[in-house]
Amino acid sequence: MHSFWWFLCALHHVIWAATMLISVQAMPPEPPVRCDKNGCNLYNSYGVWGDRKDCHVQNVTYPTTEEELRLAVAYANQNKLKVKVVSQFSHTIPKLACPATSSGNSMLISTAKYNSSIEIDAKNLAVTVDAGIGLRRLIDAVEEAGLSLVAAPYWEGVSVGGLVSTGAHGSSWWGKGGAVHDHIVGLSLIVPAKQSEGFAKIVKLEPKDQIFNAAKVSLGLLGVISKVKLSLEPRFKRSIAYNFTDDAQIENIYMDHAKKYEFADITWYPSKHTSAYRYDNRVPLNASGDGTYDFLGFQSNSILISKSIRATEKTMDNGRSLGGKCTMAASVLGVKKLVANGLKNGLIFTGYPVTGSQGKMQTSGSCLYSTAADNSCAWDPRINGLFFYETTAIFPASKFGDFIRDVKKLRDLKPDNFCGVDIYNGFLIRFIRASEAYLGQPEDSVVVDFNYFRADDALTPRFNEDVWEEVEQLAFFKYGAKPHWAKNRNLAFLDVQKKYPNFNKFVAVKRQLDPQNLFSSEWSDGVVFGKEGVKSDGCALEGQCICSEDRHCSPGKGYFCTPGLVYKEARVCRYSSSSPSPFSVGSGSDKNDL
């Protein structure tokens with residue numbers, strides 16, 4: 001039976017890759033805000049928040065101009081409503097965008113229709129845009145004018161206001177770096193004001209202003225971003241090649257790699273002892289080639305295949321099939337080598353290097369754009385497709401090598417335990433420069449992202465979940481990594497405020513601009529102030545807490561709270577077919593809480 005599933009899994013990925021080699025259409029994601037006669041619900045792109053509870057608000061407003069945006073803030077201020085801003089695109093994995101538990105005293109402001117203005121200043125190499133403008137539309141407009149936006153995230157399904165406020169980034173230690181907020185040269189915020197000022201006002205900020213560094217990464221807590229001015233450069237091309245090779249030296253050479261290539265990244269597949277180094281630098285504008293980077297994971301997929309892959313992975317997880325997961329991981333890696341992870345010289349990939357304009361090589365998301373009903377983004381919640389966690393940790397560059405060494409120690413105990421992460425995208429390693437933003441990175445940093453299986457319901461434990469809990473705790477607690485603000489499970493944010501030397505400066509600006517806390521909620525406070533929620537049965541299974549008693553795991557299904565294997569201070573939910581752990585109920589083990 002297991003051999004059948006292994007074959008089916010590999011077949012699915014071969015078919016999946018084949019569909020990506022041709023032009024297919026996709027069912028676009030649903031809007032994040034959906035309303036009926038009972039009010040409105042806000043969803044993230046996966047359709048499920050970290051706590052699996054709905055975000056319900058009484059209404060949403062859709063301004064189309066900056067003045068209408070100001071009036072919306074004024075209305076919220078005058079009526080003492082909790083308010084959050086959303087856009088037409090996907091939203092954060094943490095519940096930052098949810099305004100309040102009570103729908104009667106909250107509202108949403110959507111910038112989905114505030115997206116008309118893109119003003120390009122070619123002479124001064126800058127562009128000023130409405131906050132609701134989509135990233136792809138901005139990139140295309142800038143490229144058409146003979147210019148390029150240097151930094152952008154890899155996923156283009158974001159608004160400009162959303163991506164700068166959450167610290168979104170690409171990968172670079174060169175120039176101003178890979179974080180988009182460090183390319184901002186002007187910003188307009190709409191903030192609450194006195195009655196004599198119309199209850200809301202527009203504050204225009206430049207780098208010389210005292211509060212500019214707070215506003216660059218604001219998490220929506222200071223007010224509503226209305227305009228963003230970004231620096232540009234003359235249009236340029238890039239040449240990209242991947243080197244899939246052994247992972248033996250990754251912990252020693254990651255810095256050299258980042259310094260050698262302007263847009264370097266590394267994808268590490270630990271179960272396969274493989275690293276894919278991205279060789280990515282600028283080339284002259286007259287260099288031949290019109291290639292694109294259409295990242296494999298962001299291409300549209302057959303709904304049938306997405307559903308089948310999910311069903312297969314669930315079967316393997318429930319059946320504790322390491323062999324099945326490893327066969328699936330091997331097939332994924334094979335496909336990525338075959339199609340260069342989505343690089344295309346023309347219609348398909350024909351060989352390295354792939355050369356193309358900056359606008360086509362930095363960011364992608366082709367599953368966003370069509371209306372066909374038989375294809376979609378693989379994670380679309382309407383189709384019961386892929387469903388996963390995303391952990392993103394940001395390390396001081398000097399500490400990252402030691403983190404990799406510890407992960408290798410854990411991997412080497414049983415390499416097959418890491419196949420689950422290699423089914424997705426392994427460990428994606430990127431680079432961002434030190435930033436003056438108060439909630440940005442205070443030093444040159446290395447960012448690692450990894451995705452892994454999430455169960456359909458909150459109380460279902462996952463096969464080998466202790467492995468990912470230990471890696472997670474290694475990152476955030478042993479090595480003090482900072483969580484990406486827009487990603488991660490709740491536990492990643494514990495004591496996060498202690499990791500930012502300018503955190504108190506940010507809080508001071510927040511008190512100045514939003515003294516009534518209109519833009520705060522219990523969920524955003526939980527993230528930004530690093531609060532752990534109330535511990536309850538099963539809370540560790542979904543990262544809502546770190547276990548300190550067996551009941552925080554799932555003892556009835558054989559998952560007990562135990563120390564880590566490499567990081568002994570970690571507390572993880574590990575499967576055991578025998579006796580309870582030392583952290584059983586009544587053991588007095590709360591002293592081991594992290």
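Does at least one position in the range 481-490 carry a residue that is touching a Phe, Trp or Tyr at 6+ places or on another chain (Cβ under 9 Å), part of a strand (DSSP E or B), modelled with pLDDT of 95 or more and closer than 24 Å to Gly533 by Cβ? Yes, because at least one residue in the range 481-490 is touching a Phe, Trp or Tyr at 6+ places or on another chain (Cβ under 9 Å), part of a strand (DSSP E or B), modelled with pLDDT of 95 or more and closer than 24 Å to Gly533 by Cβ.
Could you please give the count of residues in the range 127-154 that are hydroxyl-bearing (Ser, Thr, Tyr) and under 19 Å from Glu66 (Cα atoms)? Break it down into steps so the answer makes sense when it comes.
Of all residues in the range 127-154, those hydroxyl-bearing (Ser, Thr, Tyr) come to 128, 148, 154.
Cutting the leftovers down to under 19 Å from Glu66 (Cα atoms) gives us 128.
Of the residues in the range 127-154, 1 are hydroxyl-bearing (Ser, Thr, Tyr) and under 19 Å from Glu66 (Cα atoms).
For Ile250, state whether it is touching a Phe, Trp or Tyr at 6+ places or on another chain (Cβ under 7 Å), buried (at least 17 other Cβ atoms within 10 Å of the Cβ), of a type in the set (A, V, I, L, M, F, W, C) and modelled with pLDDT of 95 or more. So Ile250 fits the description; yes. When Glu233, Glu156 are checked against the criterion of being among the acidic types (Asp, Glu), touching a residue at least 40 places away in the same chain (Cβ under 8 Å) and open to solvent by less than 30 Å² (accessible area, probe 1.4 Å), Glu156 stands alone in meeting it.
So, Ile190, is that one farther than 23 Å from Ser524 by Cβ, open to solvent by less than 10 Å² (accessible area, probe 1.4 Å) and not small (Gly, Ala, Ser) or not? For Ile190, the condition - farther than 23 Å from Ser524 by Cβ, open to solvent by less than 10 Å² (accessible area, probe 1.4 Å) and not small (Gly, Ala, Ser) - is not met. Cβ-Cβ distances below 9 Å connect the following pairs, each with a first residue in the range 51-67 that is modelled with pLDDT of 95 or more, a second residue that is loosely packed, with under 13 Cβ neighbours inside 10 Å and among the small types (Gly, Ala, Ser), and a separation of six or more residues or different chains: Thr64/Ser116; Thr65/Ser116.
Take the conditions (1) open to solvent by less than 10 Å² (accessible area, probe 1.4 Å); (2) part of a loop (DSSP other than H, G, I, E, B); (3) not β-branched (Val, Ile, Thr); Leu474 misses just one of them, which is (2). The residue that is least open to solvent (accessible area, probe 1.4 Å), among those in the range 528-566 that are assigned to a loop (DSSP other than H, G, I, E, B) and polar (S, T, N, Q), is Ser548. All of (1) among the hydroxyl-bearing types (Ser, Thr, Tyr); (2) in contact with a Cys (Cβ under 9 Å, 6 or more places away or on another chain); (3) closer than 23 Å to Thr562 by Cβ; (4) surrounded by 18 or more Cβ atoms within 10 Å (Cβ to Cβ) hold for Tyr452 with one exception: (2). Of the listed requirements (1) in a helix (DSSP H, G or I); (2) touching a Phe, Trp or Tyr at 6+ places or on another chain (Cβ under 8 Å); (3) surrounded by 22 or more Cβ atoms within 10 Å (Cβ to Cβ), Arg238 misses just one: (1).
Scan the range 498-518 for residues that are in contact (Cβ under 8 Å) with a residue 60 or more places away in the chain and under 22 Å from the mean Cα position of the chain (by Cα) and the total you get is 2. Considered as a group, the residues in the range 491-520 that are assigned to a helix (DSSP H, G or I) and of a type in the set (A, V, I, L, M) include one that is surrounded by the fewest Cβ atoms within 10 Å (Cβ to Cβ), and that residue is Ala508. Restricting the first member to the range 84-95 and to residues that are modelled with pLDDT under 90, and the second to residues that are buried (at least 23 other Cβ atoms within 10 Å of the Cβ) and among the aromatic types (Phe, Trp, Tyr), no beta-carbon pair is closer than 7 Å while six or more apart or on different chains. Checking every residue in the range 335-351 against the condition of being closer than 25 Å to Asp457 by Cα and of a type outside the set (A, V, I, L, M) gives zero matches.
Take the conditions aliphatic (A, V, I, L, M), open to solvent by 10 Å² or more (accessible area, probe 1.4 Å) and at pLDDT 95 or above and apply them to Leu347. Does it pass? Walk me through it before giving the result.
Working: aliphatic (A, V, I, L, M): yes; open to solvent by 10 Å² or more (accessible area, probe 1.4 Å): yes; at pLDDT 95 or above: no.
So Leu347 fails the test.
In the range 325-346, is there at least one residue being in contact (Cβ under 8 Å) with a residue 40 or more places away in the chain, more than 30 Å from Lys259 (Cα to Cα) and polar (S, T, N, Q)? Yes: the range 325-346 contains one or more residues that are in contact (Cβ under 8 Å) with a residue 40 or more places away in the chain, more than 30 Å from Lys259 (Cα to Cα) and polar (S, T, N, Q). If you check Ala100, Ala72, Ala112 for being of a type in the set (A, V, I, L, M, F, W, C), open to solvent by less than 20 Å² (accessible area, probe 1.4 Å) and not in a helix (DSSP H, G or I), only one passes: Ala100.
The values are calculated or read from the model by the stated rules, or taken from the named source; none is laboratory data. As the structure is a prediction and not an experimental result, all values here were calculated from the model. All Cβ positions, even for glycine, are placed from backbone atoms using ideal geometry, and neighbour counts span all protein chains on display. Side chains are part of the model used for accessible areas, which takes the heavy atoms of the whole protein and leaves out ligands, DNA and RNA. Shrake-Rupley method; radii C 1.70, N 1.55, O 1.52, S 1.80 Å.
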